[in-house]
Structures are given as C-alpha cells and as structure tokens.
Amino acid sequence: MKDDGAIAIAAEGLRKRYGDRWALDGFGLTVPEGTVHGLLGPNGAGKTTAVRALSTLLRYDAGRAEICGFDVARQPAEVRARIGLTGQYAAVDEQLSGRQNLVMFGRLYRLAPRAARRRADELLDRFGLTEAAGRSAGQYSGGMRRRLDLAASMIVVPRVLFLDEPTTGLDPRSRNQVWDAVRSLVAEGTTVLLTTQYLQEADELADRIAVLDAGRVVAEGTADELKGRLGGDRVEVEVRHAAELPRVAALVTGLASRLGGAPGETETDPDTRRVSAPVADRVTALTELVRALDDAGISVADIGTRRPTLDEAFLHLTGHGADRNARGGTREGIPA
Ligand code: ATP
C-alpha cells in the first residue's frame, strides 16, 4: 500500500473506447485532498465516463488512476470503501419516504438500526428535509430529490465524493439549495469531483476547474485563471442606428485600451447592431462608457456587461463551440 499523501484523486492517460469512439482519450487529473474540483464540459465530452471510470463502475482500456493512493483497477474494494457517488444515477426508492430511504441506506452500510435512524435524522435536518421526511420520495421536487441523493451518499462520510451533474435540469432556486448542500459537506473535509455543464456552477463551488473536450482535459485552473484566459467580462453596446456602429466601436476600443482590456478584440456585429470588447474592470468600464456615449451624443438601445458564455469559452479553449444546450453565460445590466 502506498502513502496517499495529500492527493485524493490522481488520473493519468485514461482511455476508454466505445466502438470506434474514444469517450476518454488521455484523460488526466490531480485533485488535492479537501478541495472541490470542477469537471466542466458539454454533452458528450466524457464527464460521466470519467466519473464512472474513477469510481470503479467502468473498466478503462488504458491509463492509471488512484483514489486516496489506491489503484482503481487493482484495488476496487479499497477505492469503493472511500468514495460516494451521486448525481445522474439516483438510487433512491420512490415508494419509500425520504427517511425510510436514508435508514435503508444506513442499514446497507451495516449501521445498527438505531444508529441508522439517528444518522437519517441528522442528514434530513442538515439537508433541510425534516418536514418532508415522511413523504414518499416520488413526490419530492427535483431539488429535494437531489438533496436526498446527496444525503444518501453522506451516510458514511466519504473521503471522496463524485457529483455527476448534480443540478442539471433544476430551476435556479433548487440549484441554490443543492449548492448549499454541497458546501456543507465540503466543510466536513470531503474531496469533491463535480461534473457540470454550467460555468457558473463550477465558478460557485470549485477550487479548480478542468475543462473537458472529447475525452481529455484541454484547460485547467482556478475560475479566475480560466476567466482570464477567456478574456473575462465584456462590455456590450447595442446602438439604435447601424450608421453609428463605427463611432461606437472606436469609443469602445479606446476605452478598452485605456482600462487595460484587449482593444484588438473589439467585435462589431452589424446584424444585431452590437459592439463588444473585453474589459478588466466592468464597473469602471460601464461608467466611463456611459459618460463617453453621452458626451458624443450617441443614444443606445441597450448597454451592459456580460460574462463569456460556455459557447464562447469552448470556442476560445477548443477552437469549436459547445453543445447548443449547454449554455452558462449570464448577462448583467448597469450596476446601480
Ligand atoms: P453528458 O453531459 O451528456 O452527460 P458527458 O460529458 O457525461 O455528457 P459521456 O456520457 O461520458 O459524456 O459520453 C462520452 C462519449 O461516450 C459520448 O460520445 C457518448 O455518446 C459515448 N458513450 C458514453 N457511454 C456510452 C456507452 N455505454 N456506449 C456507447 N457510447 C457511449
């Protein structure tokens, strides 16, 4: 047995083939203990395959992976004893109540009946499900259901928890509830590998983010580092009259160069009558731009800043766009 040191998840050169398609094609990752690592990618990038391979559910064709120092292929029982998995594979029984589900999982983990009931109650309380504890899980909302899944994976606190797209398909309120639940288990020291299609989710929860494309990691860093590589926030102006586009583009470019943005990256789109450019400080940029437009007597239809969308992020990092369904960008108006 090897000293596990401070690395919870280590993978190198993982490959997995389905027919003539490589779902994993040289996947590698190092996750220090006690951190949250986001695995961000569009549909089909290989996120689920990576999680299944790392959690012993799927045999990989080549490469090496270790969880807490144990080899995933050769020591699967040791690995399984240290991990939890939740997300797309909800193991919850819809006929049973939330509480009955958690007691059942406790019994599966060989807790004595009383200990299983006590743990169930603790987790129901922790995940805000005490009131709904007696209702059958089939009647839970999407957010409650995901929180019950998370609670089930925390019966025995795992050293490493795999969360596979824990909020896909949830409304913003339910998404926030799941994020709070994830934060609360991270506070206990669990290492989390979180797969997601949402840039914002990775941003909210992850210490570091790996961007996955076609089965391999194409970029890795903190959210700030990645955003820096994506050009960060952009100011965007929509003019009323297309004839004003060149003047506005010149103003925006001048502003971007003065405020440390990337003036060469000003984009003008005559179809939408929009001009945009990356800026380092969006509040200052917006304030100055509003003033400059006003001084020049140019009236605009819309103005704001926005983060790069997931499409733009992928375009930038991979040279091609993300799946049409996988959008993570947000648009923000002028700050008050
Ligand atoms: P999603 O966000 O849609 O869950 P993902 O990033 O998790 O996508 P995977 O599910 O890992 O992607 O799939 C990676 C690639 O492998 C895809 O091209 C997928 O079609 C293929 N694939 C996955 N599982 C199988 C399987 N059991 N049989 C054949 N092909 C598969």
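The values are calculated or read from the model by the stated rules, or taken from the named source; none is laboratory data. Quantities reported herein were computed from a predicted structural model and do not represent experimental measurements. Backbone-built Cβ (ideal geometry, glycine too); neighbour counts: all protein chains shown.
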> Under the condition of being surrounded by fewer than 15 Cβ atoms within 10 Å (Cβ to Cβ) and modelled with pLDDT of 95 or more, which residue from the stretch 1-17 is farthest from the ligand (Cβ to nearest atom)?
Replying inline: Glu12
> Filter the stretch 248-269 for residues that are touching a helix residue (DSSP H, G or I) at 6+ places or on another chain (Cβ under 6 Å) and more than 9 Å from Val235 (Cβ to Cβ); which is surrounded by the fewest Cβ atoms within 10 Å (Cβ to Cβ)?
Replying inline: Ser257
> Residues in the stretch 32-61 that are within 16 Å of Ala219 (Cα to Cα) and more than 15 Å from the chain's Cα centre (by Cα): how many?
Replying inline: 0
> Residues Ala116, Ala151: which one is outside the structural domain of Leu40 (by TED's automatic domain parsing) and at pLDDT below 90?
Replying inline: Ala151
> Tally time: how many residues in the stretch 18-35 are within 12 Å of the ligand (Cβ to nearest atom) and either outside any loop (DSSP other than H, G, I, E, B) or not assigned by TED's automatic domain parsing to the domain that holds Ala73 (or both)?
Replying inline: 7
> Scanning the stretch 167-216 for residues that are closer than 17 Å to Leu85 by Cβ and of a type in the set (Ser, Thr, Tyr), which turns out nearest to the chain's Cα centre (by Cα)?
Replying inline: Thr196
> What residue, among those in the stretch 64-99 that are of a type in the set (Gly, Ala, Ser) and crowded, with 16+ Cβ neighbours inside 10 Å, is farthest from the ligand (Cβ to nearest atom)?
Replying inline: Ser97
> What pairs come up if the first residue lies in the stretch 36-63 and is more than 9 Å from the ligand (Cβ to nearest atom), the second is among the polar types (S, T, N, Q) and not in a loop (DSSP other than H, G, I, E, B), and their beta carbons are under 7 Å apart, counting only those six or more places apart or on different chains?
Replying inline: Gly38/Thr196; Leu40/Thr196
> more than 30 Å from Ile7 (Cβ to Cβ) and surrounded by 20 or more Cβ atoms within 10 Å (Cβ to Cβ) - does that describe any residue in the stretch 166-174?
Replying inline: no
> Here are some conditions: (1) crowded, with 20+ Cβ neighbours inside 10 Å; (2) closer than 21 Å to Gly189 by Cβ. Asp125 meets all but one. Which one does it not meet?
Replying inline: (1)
>> Whether any residue in the stretch 153-165 is among the charged types (D, E, K, R), surrounded by fewer than 17 Cβ atoms within 10 Å (Cβ to Cβ), touching a strand residue (DSSP E or B) at 6+ places or on another chain (Cβ under 8 Å) and assigned to a loop (DSSP other than H, G, I, E, B) is what I want to check.
In response: no
> Scanning for something in the same structural domain as Glu201 (by TED's automatic domain parsing) and among the polar types (S, T, N, Q), does the stretch 56-73 turn up at least one residue?
Replying inline: yes
> Applying the selection to the stretch 176-205, what residues are small (Gly, Ala, Ser), away from the ligand (no atom under 16 Å from the Cβ) and surrounded by 19 or more Cβ atoms within 10 Å (Cβ to Cβ)?
Replying inline: Ala181
>> Which residue is farthest from the ligand (Cβ to nearest atom), if the candidates are limited to the stretch 211-220 and must be part of a strand (DSSP E or B) and over 23 Å from Cys68 (Cβ atoms)?
In response: Ala219
> In the stretch 177-210, what count of residues is obtained for those that are assigned to a strand (DSSP E or B) and at pLDDT below 90?
Replying inline: 1
